[in-house]
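Peer 1: Handing you this structure, nothing more for now.
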Amino acid sequence: MKLYLELVKTKSTTVRVLHWLLFFSTVSLCGTGFYIADPFLFYGQGEATEAFTMAKIRGIHFWSAIVLDVVFLLRLYLAFFSTFHRDWYEVIPSPRHFWEAAKEIKYYWTLKGKLTEYRWVDPLDGIHFFGLHLVILLQLFTGFALYVSGIELVGGIYGIWATSLHWATDWTLVAFGGLPGVRLVHHVATWLVMIGAFIHIYTQVWKTIKLRRADMSAIIGGYRLRAHDAKHR
């Protein structure tokens, strides 16, 4: 049977931009987060305010978290209201998605049979994305719980900001047994995010090389290759 390759658009420009903002903000958060957990640098001259590396690193960490927050909310909005492709239902775990994901795992493990072609998100990636985004959401709550713990409650806009964060994140102190538990969960979740990201990158590169579907190009240019037989032309 003769197969034909079709160039199909799978990612809008907005989704691609948000993806790379999510990627770079996550890299920044991981790098600065590990430094905050185990600081080792000191540079500069004069007063501590002029050579306080931790303050600079925490500043980068904080603004990277803000970028991640905004990107997360925008991507969530697009998942439900995108004019190009609403994809929320493709990442929600369901019995059918688990069954299809199991067949994909079997194919990757044995390289036998045929891998089902999906234009958008395949079930295995969908379940992976769902779990990874839940971990990122946990990171946001625990991270801001750690951040707001050092802020004195005052009046004005700053006080409203601190009060809002306490209201949104204080449940993590109860759930994880105080700040030490929150810090531990935040640290463990960082490793889970890194492992999940590496698995995602590996599978996309593998599919691009082995299946020749140009999956990696989809997140750069928005298009990938889809194979089908003559009767679907």
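Where a number appears in this text, it was derived from the coordinates with a stated rule and is not lab data. Predicted model, so just to flag it, every value in this text is computed and none were measured.
Peer 1: On a 0 to 90 degree scale, rounded to 10, what angle separates helix 95-110 from the longest Cα axis of the chain?
Peer 2: Approximately 80 degrees, to the nearest 10.
Peer 1: Starting from the Cα gyration tensor of region 59-149, take the square roots of the eigenvalues, sort them a ≥ b ≥ c, and report rounded, prolate or oblate (rounded when a/c is under 1.5, otherwise prolate if a/b is larger than b/c, else oblate).
Peer 2: Here region 59-149 falls in the prolate category.
Peer 1: Taking 0.36 nm per residue of sequence separation and subtracting the Cα-Cα distance, how much length would be gained by fully extending the chain between F198 and V8, in nm to one decimal?
Peer 2: 65.8 nm
Peer 1: Also: Sequence gap at least 6, Cα distance under 8 Å: using those rules, report the relative contact order of region 3-232 to the nearest whole percent.
Peer 2: Relative contact order comes out at 29 percent.
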